[in-house]
Amino acid sequence: MVNVMSAFDAISQEIGLDRTQLNTCLHDPKVEQIIEQNKADGNQQGVKSTPSYFINGKMVVGYQSLADELNRLIISN
């Protein structure tokens, strides 16, 4: 199992993020509460995986499906 915190630390260092600020965010109970609420909202809407998008109330799962749906909407307008 990957240690997520180690992975976040390595990625943040690689891309030059403020590691102290990231660490503060990752341990903030308010952030955890927002994430848990988002997960609950997603579960209520039937989201089973990411990325999942809602376009005009229709759930679209995955990048390719998103691109297809957006192209369909552009062509139909």
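The values are calculated or read from the model by the stated rules, or taken from the named source; none is laboratory data. This one's a predicted model, so the numbers in the text were calculated from it and none came from an experiment. Here Cβ is always computed from backbone atoms with ideal geometry, including for glycine, and neighbour counts include all displayed protein chains. Please note that ligands, DNA and RNA were not included when accessible areas were found on the heavy atoms of the full protein model with its side chains. Shrake-Rupley method; radii C 1.70, N 1.55, O 1.52, S 1.80 Å.
Taking all protein chains as present, what is the carbon and sulfur share of the accessible area of the chain, in % to the nearest whole number, probe 1.4 Å? Intermediate values should be presented prior to the final figure.
Details: 3650 of 6530 Å².
Carbon and sulfur together cover 56 percent of it.
Of Leu17, Leu26, Leu66, which has the largest mean-square fluctuation in a 10 Å C-alpha GNM of the chain? Evaluated over the chain, the most mobile residue of the options is Leu17. Summary value for the chain: 11 percent relative contact order, contacts being C-alpha pairs under 8 angstrom separated by 6+ residues. Using a simple spin-label model with pseudo-atoms 7 Å out from Cα toward Cβ, Asp28 and Val4 lie 1.7 nm apart.
Using bins of 5 Å that start at zero, the share of Cα-Cα pairs per bin across the chain amounts to 3, 12, 15, 14, 15, 16, 14, 7, 3, 1, in whole %. Set the Förster radius R0 to 30 Å, insert the Cβ-Cβ distance between Leu17 and Ile55 as r into 1/(1 + (r/R0)^6), and round the FRET efficiency to 0.05. The pair Leu17/Ile55 has a calculated efficiency of 0.45. For the chain, modelled as a Gaussian network with Cα springs under 10 Å, which listed residue fluctuates most, Asp41, Asp18, Asp28? Of the options given, Asp18 has the highest mean-square fluctuation. Per residue, the chain exposes 85 Å² of accessible surface when a 1.4 Å probe is rolled over the protein heavy atoms with every protein chain present.
Taking every DSSP helix (H) stretch of at least 4 residues in the chain, weighting each as -39,500 (n - 2.57) and dividing the sum by the residue count yields a mean residue ellipticity at 222 nm of -20500 deg cm²/dmol.
Comparing Gln21, Ile35, Asn71 along the charge dipole axis of the chain, the residue lying farthest to the positive side is Asn71, per the Cβ-charge model.
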